[in-house]
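Step one of this worksheet: look at the structure below.
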Amino acid sequence: MKKFIPLILIIILNSCSSKYSYDEPKPQIGWEDFEKSINYPENYNRAGVDCLANVVIRIDSAGKLKNIEIDLSNKYSLFEDSIKAAIQRTKWQPAKRNGKSVDASLHLSIWFRIESDHYIIINGDENK
């Protein structure tokens, strides 16, 4: 069986001008461990089914998950279930603007791809 790790690209919805400091919401366990927490549905893994999911997560100023929206590139709902489960299990650090916690949305693109050699993309950085 080939190795699977989801590839995640993070796009920050709340952008600020350079005179403000801004830290996006992030998982308390870190992005690498968050990626590992997303399970590839076993039936789809065996069948070699790939999927791209565009995800919007809303985190409030207390770090509580408020909403998840998922748009899949195919009709296989188990991908959506896997993503929701990983997001809901994760404790989140809220976004901060000028040192103050604020509500924020986080856009993620999650690729479910089966490859023997894989790389992970987060904010445009490639990590082998």
Original post:
Out of residues 5 or more away from Tyr22 or on other chains, whose amide H comes under 5 Å of its own, with H placed 1.01 Å from N in the peptide plane?
Top reply: Asn98
Original post:
What's the FRET efficiency of Lys66 with Lys100 using the Cβ-Cβ distance as r and R₀ = 25 Å, to the nearest 0.05?
Top reply: 0.90
**OP:** Sort Glu42, Glu24 so that the residue with the fewest other Cβ atoms within 10 Å of its own Cβ comes first and the one with the most comes last.
**Re:** Glu42, Glu24
Original post:
Between rounded, prolate and oblate, where does region 36-79 land on the alpha carbon gyration tensor, with a ≥ b ≥ c its root eigenvalues, rounded for a/c under 1.5, else prolate if a/b exceeds b/c?
Top reply: prolate
**OP:** Would you mind ranking Arg113, Arg89 so that the residue whose beta carbon has the fewest other beta carbons within 10 Å leads the list?
**Re:** Arg89, Arg113
**OP:** Just rank Val55, Val102, fewest to most, by other beta-carbon atoms within 10 angstrom.
**Re:** Val102, Val55
Subject >> Where chymotrypsin sites (Phe, Trp or Tyr not before Pro) fall in DSSP loop in region 16-86, at most 12 other Cβ within 10 Å >> reply: Tyr20
**OP:** Return the long-range amide H neighbours of Trp92 (sequence gap of 5 or more, or a different chain), with a cut-off of under 5 Å between placed amide H atoms.
**Re:** Gln28
Original post:
Short version: ³J(HN,Hα) in whole Hz for each residue of region 80-95, in order, from phi by Karplus 6.51 cos²θ - 1.76 cosθ + 1.60 (θ = phi - 60°), x for Gly and Pro, what are they?
Top reply: 4, 4, 5, 5, 4, 4, 5, 5, 5, 6, 7, 8, 10, 8, x, 5
Original post:
Of the cross-linked pairs Lys19/Lys66; Lys36/Lys100; Lys64/Lys100; Lys36/Lys66, which ones have a Cα-Cα span greater than 25 Å in the structure shown?
Top reply: Lys19/Lys66; Lys36/Lys100
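We did not get these values from a lab; they are worked out from the coordinates using the rules stated. The shown structure was predicted, so the numbers you read here are calculated from the model rather than taken from an experiment. Here the Cβ is made from the backbone with ideal geometry for all residues, glycine too, and neighbour counts use every protein chain on show.
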